[in-house]
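Notes follow the structure.
The values are calculated or read from the model by the stated rules, or taken from the named source; none is laboratory data. Note that this is a predicted model, so its numbers are computed, not measured. FYI the Cβ positions are ideal-geometry reconstructions off the backbone, even for glycines, and counts take in every protein chain you see.
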Amino acid sequence: MKVRGLRAALAALVVGGLVAAGCSSSEDTGRSTPDGGATSELDVSDWDAVLADARGETVNWYLWGGSESINRFVDETYGPVLRDRFGITLNRVPVADTVDAVNQVLAEESAGEEQGAVDVIWINGENFSTLADAGMLFDGWSRRLPNARLVDWDNPAVAKDFGVDVGDRESPWSSAQFQLVYDSGRMSSAELPRSYAALLDWACANPGRFTYVAPGPGGFQGTRFVKGALYELAGSDGWQRFDQARWDAAAPKLWSYLEELAPCLWRNGETYPADENELHRLFANDEVDFTITQAAVGPGALIEEGLVPSTAKAFVFDANSIGDFNYLAIPSNASHKAAALVLANLVLEPELQARQILPEHGFGLGYAIDPGRVDDEDAAAAVRDAAARLGDAATPPEQLAAALVGDTAPQYQDLVETGWRRALLGGL
């Protein structure tokens with residue numbers, strides 16, 4: 001996404017260590033406090049009262065704005081429903097990186113502003129951990145939404161966000177898993193590398209035909225690519241709990257692998273695409289043979305947008321394909337909490353979850369809900385039909401499931417990104 005996702009805490013206003021915050025919840029909905037308590041503000045269990053409070057409000061949704069197809073999906077899918085059904089105006093606020101929204105919340109708190117500009121953030125990973133650690137997340141609401149019953153909260157991939165307990169502080173929107181994309185018109189599936197070791201061999205046998213996004217702000221998928229290499233070199237288990245000694249032992253192997261790979265890359269590894277859109281352009285222009293996606297539809301949405309060839313297809317390595325859920329969170333100083341709650345509940349509606357995975361709608365990330373929990377017959381049919389329509393461009397679900405691993409604890413994010421710049425770019 002994440003969100004990726006969707007999608008680094010590098011800006012100066014991000015304060016406090018990225019320490020895994022413990023699960024906190026309360027019978028009252030409110031702002032989370034350092035001792036795990038909450039201040040009473042809204043009774044989410046009285047949904048009619050929430051809807052009444054929300055009517056007439058404008059909800060300011062801060063989210064990564066780097067994909068025009070996702071921007072359009074948000075505007076055209078949620079905006080009209082919020083307006084026509086609930087009397088809420090959606091104001092989508094695009095940011096270059098989620099950390100920009102986090103910084104704004106922290107800056108407003110530092111300035112003593114009790115009515116902040118940010119009502120909802122598309123968030124996960126270290127950005128969630130930062131706000132949770134700062135006590136700046138609205139608490140006690142996510143599992144009490146009417147549609148929360150459709151979420152499998154017992155699934156560790158949902159209940160833990162990069163190793164941090166979600167508690168009642170964020171609600172899932174969609175899911176994502178790292179995949180590579182190739183052009184089946186240029187190469188066959190039998191030629192594809194299926195591990196990082198095989199990728200090194202392939203890249204050096206085909207110099208200049210592979211590259212990846214630079215890890216860091218705007219380059220979340222590049223960070224995830226590097227973490228996958230870490231898993232292959234040092235084992236994938238246990239990275240959801242921070243261990244400095246383990247990192248210190250594994251990091252030299254990681255940098256050694258990437259330094260060996262670099263001379264075989266596009267432009268000899270002297271420069272890297274800044275974001276996924278730049279990598280898509282290189283792929284579409286036949287400058288490289290692979291791009292990346294985290295979408296359930298693979299490159300389906302990219303094909304619909306004309307950004308990659310119609311013969312593009314997604315695939316995963318045999319192991320170490322990192323996946324996660326991405327979420328909506330409400331800052332504790334949000335000015336329009338009722339409208340934010342309505343939005344968070346709306347994105348979980350089965351028909352809209354079904355809409356989001358289809359490539360023609362431009363989003364293409366996976367379900368946040370458990371389809372097996374949808375008991376309405378028409379809604380269940382819509383969910384099943386959407387999954388069946390993903391098409392040949394998508395990675396087969398059984399291959400995604402076999403390769404899936406969880407992401408790291410948030411403390412590793414900065415270690416990976418700063419270490420990568422030091423090792424691959426000389427500390428730039």
Task: Conditions (1) part of a helix (DSSP H, G or I); (2) at positive phi; number of the one not met by ALA245 - done: (2)
Open item on the list: Just to verify a result, which residue in region 174-227, among those that are of a type in the set (Val, Ile, Thr) and in a helix (DSSP H, G or I), is farthest from LEU346 (Cα to Cα)?
Closed with: VAL226
Task: Residues of region 75-90 satisfying the condition of being surrounded by 13 or more Cβ atoms within 10 Å (Cβ to Cβ), in contact with a strand residue (DSSP E or B) (Cβ under 8 Å, 6 or more places away or on another chain) and not hydrophobic (A, V, I, L, M, F, W, C) - done: TYR78, GLY79, THR89
Task: region 137-154, residues that are in contact with an Asp or Glu (Cβ under 8 Å, 6 or more places away or on another chain) and surrounded by fewer than 24 Cβ atoms within 10 Å (Cβ to Cβ) - done: ARG143, ARG144, ASN147, LEU150, VAL151, ASP152
Task: From the options LEU254, LEU261, residue that is under 30 Å from ASP100 (Cα atoms), touching a Leu at 6+ places or on another chain (Cβ under 9 Å) and either at pLDDT 95 or above or surrounded by fewer than 14 Cβ atoms within 10 Å (Cβ to Cβ) (or both) - done: LEU254
Open item on the list: Can you tell me how many residues within region 283-300 are surrounded by 19 or more Cβ atoms within 10 Å (Cβ to Cβ) and in a helix (DSSP H, G or I)?
Closed with: 2
Open item on the list: Scan region 58-72 and tell me whether some residue there is touching a strand residue (DSSP E or B) at 6+ places or on another chain (Cβ under 7 Å), part of a loop (DSSP other than H, G, I, E, B) and either farther than 30 Å from PHE225 by Cβ or modelled with pLDDT under 50 (or both).
Closed with: no
TODO: Answer yes or no: is there a residue in region 231-241 that is within 22 Å of the chain's Cα centre (by Cα) and either basic (Lys, Arg) or more than 26 Å from LEU415 (Cβ to Cβ) (or both).
DONE: yes
Task: Residue list for region 301-331, filter: in contact with a helix residue (DSSP H, G or I) (Cβ under 8 Å, 6 or more places away or on another chain), of a type outside the set (Gly, Ala, Ser) and part of a loop (DSSP other than H, G, I, E, B) - done: GLU305, LEU307, VAL308, PRO309, VAL316, PHE317, ASP318, ASN320, ILE330
TODO: Answer yes or no: is there a residue in region 337-359 that is over 30 Å from ASP168 (Cβ atoms) and crowded, with 24+ Cβ neighbours inside 10 Å.
DONE: yes
- [ ] Confirm whether ALA393 is among the small types (Gly, Ala, Ser), part of a helix (DSSP H, G or I) and crowded, with 19+ Cβ neighbours inside 10 Å.
- [x] no
Open item on the list: I'm trying to understand the selection: among the residues of region 332-381, which are of a type in the set (S, T, N, Q) and part of a helix (DSSP H, G or I)?
Closed with: ASN345, GLN353, GLN356
Open item on the list: Here's a check for you: in region 152-173, which residue that is among the small types (Gly, Ala, Ser) and part of a loop (DSSP other than H, G, I, E, B) is nearest to GLN399 (Cα to Cα)?
Closed with: GLY163
